[in-house]
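*Asks:* Please find one structure pasted underneath; my questions will follow.
The values are calculated or read from the model by the stated rules, or taken from the named source; none is laboratory data. These numbers come from a predicted model, not from an experiment. Heads up, the Cβs are rebuilt from the backbone with ideal geometry, glycines too, and the neighbour counts pull from every protein chain shown. Remember, those area values only see protein heavy atoms, side chains included, never the ligands or the DNA or RNA. Shrake-Rupley method; radii C 1.70, N 1.55, O 1.52, S 1.80 Å.
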Amino acid sequence: MDWSNGSGVMLRAWFAVLVLLGIYIAARWLKKGNAKGWRELLDMLTVSMKRKIILFMVMLGLVVCLAVLAPLARFDAGVDVFVTAFLGTAWIILVAWALTLLLTVLTGLVQWKYDIGVEDNLGARQINTKVRVLHRIAAVLVWLGALAGILMQFERFRALGGAMLASAGVLSIVLGLSAQKTFGAVIAGVQIALTHPINLDDVVIVEGEWGRIEEITFTYVVVKIWDLRRMVVPISYFVETPFQNWTKKSAEIIGTVTLHVDYTTPLQPLREELKSLCEASGALWNGKTCVLQVTEAGGESMTVRALVSSPGASAAWDLRCMVREGLIDFLRRNYPECLPRRRVVLQNGAMEKEG
């Protein structure tokens with residue numbers, strides 16, 4: 001078919017109009033979310049993500065229309081080269097943009113499929129950590145490839161690229177020295193994504209602070225401290241420095257409660273009270289460990305330690321506080337004489353202090 005005659009022009013114009021109409025309908029559908037079968041997916045997408053997708057669809061429609069209508073115009077040779085380069089650049093950017101959006105949507109689907117908000121979430125945290133880190137790496141590679149594709153369209157930059165390749169030895173040394181820490185951080189991020197020394201929502205002790213892994217990026221990790229502070233730690237820290245990970249294999253943890261009591265304290269009633277407290281704690285106790293032991297005998301009192309197990313670190317903290325309060329209240333009500341005290345013995349009219 002001859003696209004230069006009147007009928008060809010009309011067909012191209014109608015095709016451009018249909019493309020724009022289709023983009024408009026799809027954008028309205030995405031914004032309103034009326035498609036019943038995709039309701040959960042649309043609910044999962046954030047408002048910002050929906051706006052990005054709509055903007056991408058609008059730009060795609062404009063580029064398609066420009067590509068369809070451009071051959072109808074009678075441009076000079078120089079202008080025609082510019083238009084061709086512009087369209088090539090636009091297509092490369094759109095492809096990279098589409099791949100980035102696709103990566104973001106797939107990451108969101110993984111987060112929706114593997115929810116880290118459940119109780120036993122070790123597998124979900126590992127998958128989310130790996131997907132997020134690899135998502136960032138893939139996005140950088142996509143845009144680097146897009147930049148290379150754009151530069152390769154221009155003859156002037158092709159010559160520059162040849163000159164850069166000719167001096168690759170010097171450039172590699174310069175880049176290696178200037179970006180050593182950056183490359184090291186990227187390698188550390190890949191290592192963390194593959195070996196999982198930490199995962200999202202892991203409970204860790206870093207620099208003496210208790211917190212959870214909130215965010216993992218290329219160069220740093222954000223640890224959410226228990227009092228809502230955020231500690232920003234270089235990602236290489238978790239590869240080079242020893243740290244505590246309380247949820248590496250399982251979220252279960254054993255908590256300790258220490259009491260200093262008098263030597264006259266009966267241990268069996270105290271053990272029974274500990275058992276009752278654990279059973280009454282509900283989900284705070286996982287039913288595995290409930291032990292009371294005398295761990296130290298001092299000059300004036302003995303040290304009693306209670307071991308209780310919990311399904312997670314937060315539950316362990318609450319259970320320890322509850323057990324500590326319950327045991328102290330039990331001794332105060334039933335055996336007040338067993339609370340720590342200092343003895344004084346009167347002998348031959350003289351007052352001597354024991355111990």
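*Asks:* Name, by its number, the condition in (1) open to solvent by less than 70 Å² (accessible area, probe 1.4 Å); (2) more than 17 Å from Glu325 (Cα to Cα) that does not hold for Glu273.
*Replies:* With respect to (1) open to solvent by less than 70 Å² (accessible area, probe 1.4 Å); (2) more than 17 Å from Glu325 (Cα to Cα), Glu273 is out only on (2).
*Asks:* So, one more: β-branched (Val, Ile, Thr), open to solvent by less than 90 Å² (accessible area, probe 1.4 Å), in contact with a Leu (Cβ under 9 Å, 6 or more places away or on another chain) and under 16 Å from Ala313 (Cβ atoms), is that true of Thr265?
*Replies:* Taking the combined requirement at face value, the residue does not satisfy it.
*Asks:* Among (1) farther than 28 Å from Thr195 by Cβ; (2) in contact with a strand residue (DSSP E or B) (Cβ under 7 Å, 6 or more places away or on another chain), there is one condition Ile253 misses while meeting the rest; what is its number?
*Replies:* (1)
*Asks:* Within the range 191-234, can you find the residues that are buried (at least 20 other Cβ atoms within 10 Å of the Cβ), in a loop (DSSP other than H, G, I, E, B) and touching a Phe, Trp or Tyr at 6+ places or on another chain (Cβ under 6 Å)?
*Replies:* Across the range 191-234, the qualifying residue is only Ile198.
*Asks:* Now for a different question. Go through the range 308-334 and give me each residue that's within 16 Å of Gln268 (Cα to Cα), open to solvent by 40 Å² or more (accessible area, probe 1.4 Å) and touching a helix residue (DSSP H, G or I) at 6+ places or on another chain (Cβ under 8 Å).
*Replies:* Asn334
*Asks:* Also, I was wondering about something else. Mind listing whichever residues of the range 279-292 are open to solvent by 80 Å² or more (accessible area, probe 1.4 Å), at pLDDT 90 or above and touching a helix residue (DSSP H, G or I) at 6+ places or on another chain (Cβ under 9 Å)?
*Replies:* Ala280
*Asks:* I'm told Val308 meets every condition in (1) in contact with a Leu (Cβ under 8 Å, 6 or more places away or on another chain); (2) free of Cβ contacts under 8 Å to residues at least 24 places away in the same chain; (3) not acidic (Asp, Glu) except one. Can you identify the failing condition by its number?
*Replies:* Val308 satisfies all of (1) in contact with a Leu (Cβ under 8 Å, 6 or more places away or on another chain); (2) free of Cβ contacts under 8 Å to residues at least 24 places away in the same chain; (3) not acidic (Asp, Glu) except (2).
*Asks:* Answer with yes or no whether Arg305 is surrounded by 13 or more Cβ atoms within 10 Å (Cβ to Cβ) and assigned to a helix (DSSP H, G or I).
*Replies:* no
*Asks:* Please state which one of Trp91, Trp112 is open to solvent by 80 Å² or more (accessible area, probe 1.4 Å) and modelled with pLDDT of 75 or more.
*Replies:* Only one candidate passes the filter, namely Trp91.
*Asks:* What pairs can you find where one residue is in the range 236-262 and small (Gly, Ala, Ser), the other is part of a loop (DSSP other than H, G, I, E, B), and their Cβ atoms are less than 8 Å apart, with a gap of 6+ or different chains?
*Replies:* Ala251/Glu119; Ala251/Asp120; Ala251/Asn121; Ala251/Pro311; Ala251/Gly312
*Asks:* Same structure again: Failed condition for Arg125, given (1) among the basic types (Lys, Arg); (2) at pLDDT below 75; (3) open to solvent by 30 Å² or more (accessible area, probe 1.4 Å); (4) under 27 Å from the mean Cα position of the chain (by Cα), with all others met?
*Replies:* (3)
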